[in-house]
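*Asks:* Pasting a structure here, questions to come.
FYI, it's all coordinate maths here, none of it is from the lab. In this text, all values refer to a predicted model and were calculated from it rather than measured experimentally. Note: ideal-geometry Cβ built from the backbone for every residue, glycine included; neighbour counts use all protein chains shown.
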Amino acid sequence: MKKNRLLINPTVELALKSQPKTYWFTILIVLFMIYLIVISFEGSGINEYRLAQFAKSFGYMLKGFMNPDWEYFFGTGDIWEFKDSIVLAAIVTIAIAFIGTALSLILAIPMGFISARNITGKATSKTGDVILVFIRTFPEIVLALVLLRVFGYNALTGVITIAIHSVGMLGKLFAESIENIDKGVLEALDAVGANWLQKIRYGVLPQVLPDFISISLYRFDINLRSSTVLGYILSIGLGLKLAFASNGPDWNKVASVMISIIVLISIIDYISGKIRTKLV
Amino acid sequence: MPRSFTLPNGKIVTKPKNNAWIYTTIFIVLFALFWLFIDFRARDIQLNQFDDILKQMFSPYSAGGIQETWKDYFGYTSKLVEPLIDTMKMSFAGTIIGTVAAFPFSVLASVNIVKNPWIYQPFKFFSNLIRTIPLMVVALIAVLFVGTGILSGIMAITFFSFSIMIKMLYEVIETVDMGPNEALEACGANKVTSFRFAVFPQVVTTYIGYIVYIFEINIRASAILGYVGAGGIGSILKDNVLYRYDRVGLIIIVLVVLFSIIQIFTNLIKSKLV
C-alpha cells in the first residue's frame, strides 16, 4: 500500500531516496550522550535508599508548602520578633542587591567608555576588555570568601562583592551599547562648535541612557539572586534564614523561605521587565 | 531659560520636558533607605588584610615554621583533577537531562501550538515560578533531599536547566513560521506529524544552541556548588578556605583556565551551528 502511494509520483520517491541518510549519525550521537550520562551517574552513590529518602523528603517539603510558618515569616506571635522575620531578611537581601548594583555603576560606566572601540583607541579598548573578562570569570562566591576576611561577616561584604563582580558584565554591555551609537550626532555637534563635555552630554548620553538603565535593571535581577546566595555564606538576609531552616531540617520554615524567595524575585522581575519594555 | 524659542523663519520650537530629576530623586531616596539596612562596624574592617590575603593566595604556603615551595603549590593540582571531573559530570548529566525534559513542557506552554489558554497559561505560570529559584538554593534543597555528593549536584543542575530552558524554548517556538504547519495539516497530517516536520526543524538549531549556552552557565555555577555540599571542586574550596589561602588561589587559577577553555569550545560549537 505504502509502496503504491509512492509510485503514484515517481519524482517524489526519487527525491526521498536521494536524500542523505543522516539518521544513523543522529542515533550514534544520542547513544553516545546516553553513555556519557550513565558514566556521569557512576560514583554518584545513587541507590534505592537514597531514592526512597528523596521521595520521603519531597513529601515533607510538599507538606511544608501546605503549611508554611507564617509567624516566622512576618515576625508575629509569641516566639518571633520582627527583627528575626523573613520579611526583614528579604528587605536586607534587596538592599544588598540594590546598593551593590548602584555602586558597581561608578566603576562600570568609565570601564564601558574605556572598552568602547569608538571612544578610545584599539589598544586601550583591548586592555579594558581583558580586565572585564578577568572580572567576569572570577567566581563571585570565591570573591566573597576572600573579601569576608577584610570586611567581616556582614552585609557590607555582600555589597562590595556584588559591586566588584557586576562590573565585568555591565562594563561589557555598556561598551557594546556605546559602540552602537550614531556618529552623525557627534559630527553635527562638532560642526556647531561643542566642546568635549557638551559632546558627551548632548551627543552620547541621550543615545545610551535608555540602554544603560535597561542593562542595569537586568543586572539588578541577577544580583538579587546572587545576594540570596551570598547571604548563605555571609550569614545575612534570606541566605541565613535558609541555612537556619535547613538545620534539622524544619520543612515548614524551609517552605516559608522558599516562598519568600520566589515571591520576591517574581515581583522584582515583573517590575523591572515592565520598566525595560517601557524604555525600549 | 525660556521653554520655547521662535526661529528666524517664524517657527516655534519648544524644549522637550525633562523628568530626569524625578527619577534621580527616587533613586537617591531608595539608595538612602536601603543603606539603612546595610549594617557593619567600621572597626571590623581591616583593609591591610587585603594585601596579605592576595600574597597568601598567590605564593607557596608558609606558616608555623613550614615553608613550601612553588612545586608544592602547583603540585596540589593533582588533587583537583577528580573533583573537576565530578564537576564536569554533574554539569553534563544535569544539562542534558534537564533540557531534554524541558522540551515537552515548552511545547505545551506555547500559544501557537496548544491554542487553549487553559493549558498553556498554567504551564507559563509554572515555568515563571520555578525560574526564580537560584541554583545554589536548589542545590541546598537537593542536599537536604538526598544527602551530600554528586547526586544532589546532578539533581540541582537538572532542575535549574529544566527551569530556565522552558521559557527560552517556548519563546522560540512561538516565533516560528506557522505556514508549513498549516500546509501539512491541510494535506491531512495529524498534529504530531505536522509538528515533527514543520515546527521542529525550525527550532532545533536554536534549541541545541541553548543547550550549549546552558551547559556553559552550569559549568561556571557548578564549580562552586560543592560549597553547600553538592560535590565537585566547591567542596575542596570549602575545606581550604579561611586557612589555606594558597590552595584557594590555585583553585581560582585552575577555574579561570577551565572557564576560558570552555568558553573557546562553546564559541566553536556556536559558530558551527550558525
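*Asks:* With (1) over 28 Å from the mean Cα position of the chain (by Cα); (2) within 8 Å of chain B (Cβ to nearest Cβ); (3) loosely packed, with under 15 Cβ neighbours inside 10 Å; (4) not charged (D, E, K, R) as the list, and A:Gly121 as the residue in question, which single condition is left unmet?
*Replies:* The number of the failed condition is (2).
*Asks:* Pull up the range B:140-164, narrow it to residues that are under 14 Å from the mean Cα position of the chain (by Cα) and not hydroxyl-bearing (Ser, Thr, Tyr), then point me to the one that is farthest from the other protein chains (Cβ to nearest Cβ).
*Replies:* My answer is B:Phe162.
*Asks:* Would you point out the residue of the range B:241-253, among those that are more than 10 Å from chain A (Cβ to nearest Cβ) and over 12 Å from A:Phe138 (Cα atoms), that is surrounded by the fewest Cβ atoms within 10 Å (Cβ to Cβ)?
*Replies:* Checked the range B:241-253; the qualifying residue surrounded by the fewest Cβ atoms within 10 Å (Cβ to Cβ) is B:Tyr243.
*Asks:* Which fully enclosed helices (runs of 4 or more DSSP H) of the range A:118-205 have 2 or more residues being of a type in the set (D, E, K, R)?
*Replies:* Those helices (runs of 4 or more DSSP H) span A:122-137, A:140-151, A:155-179, A:183-191.
*Asks:* Please enumerate the residues belonging to the range A:59-74 that are among the charged types (D, E, K, R) and touching a residue at least 60 places away in the same chain (Cβ under 8 Å).
*Replies:* A:Lys63, A:Asp69 - these are the residues of the range A:59-74 that are among the charged types (D, E, K, R) and touching a residue at least 60 places away in the same chain (Cβ under 8 Å).
*Asks:* Here's another thing I want to ask about it. If the requirement is being under 23 Å from B:Lys124 (Cα atoms) and within 12 Å of chain A (Cβ to nearest Cβ), which of these qualifies: B:Ile224, B:Ile208, B:Ile261?
*Replies:* Of the residues listed, the single one that is under 23 Å from B:Lys124 (Cα atoms) and within 12 Å of chain A (Cβ to nearest Cβ) is B:Ile208.
*Asks:* From the list A:Tyr35, A:Tyr23, A:Tyr60, exactly one residue is over 19 Å from B:Ile150 (Cβ atoms), out of contact with any helix residue (DSSP H, G or I) (no Cβ under 6 Å at 6 or more places or on another chain) and aromatic (Phe, Trp, Tyr). Which is it?
*Replies:* Result: A:Tyr23 is the single residue among A:Tyr35, A:Tyr23, A:Tyr60 that is over 19 Å from B:Ile150 (Cβ atoms), out of contact with any helix residue (DSSP H, G or I) (no Cβ under 6 Å at 6 or more places or on another chain) and aromatic (Phe, Trp, Tyr).
*Asks:* Return the only residue of A:Val142, A:Val133, A:Val159, A:Val150 being facing chain B (nearest Cβ under 10 Å), touching a residue at least 60 places away in the same chain (Cβ under 8 Å) and closer than 30 Å to B:Leu250 by Cβ.
*Replies:* That would be A:Val159, the only listed residue that is facing chain B (nearest Cβ under 10 Å), touching a residue at least 60 places away in the same chain (Cβ under 8 Å) and closer than 30 Å to B:Leu250 by Cβ.
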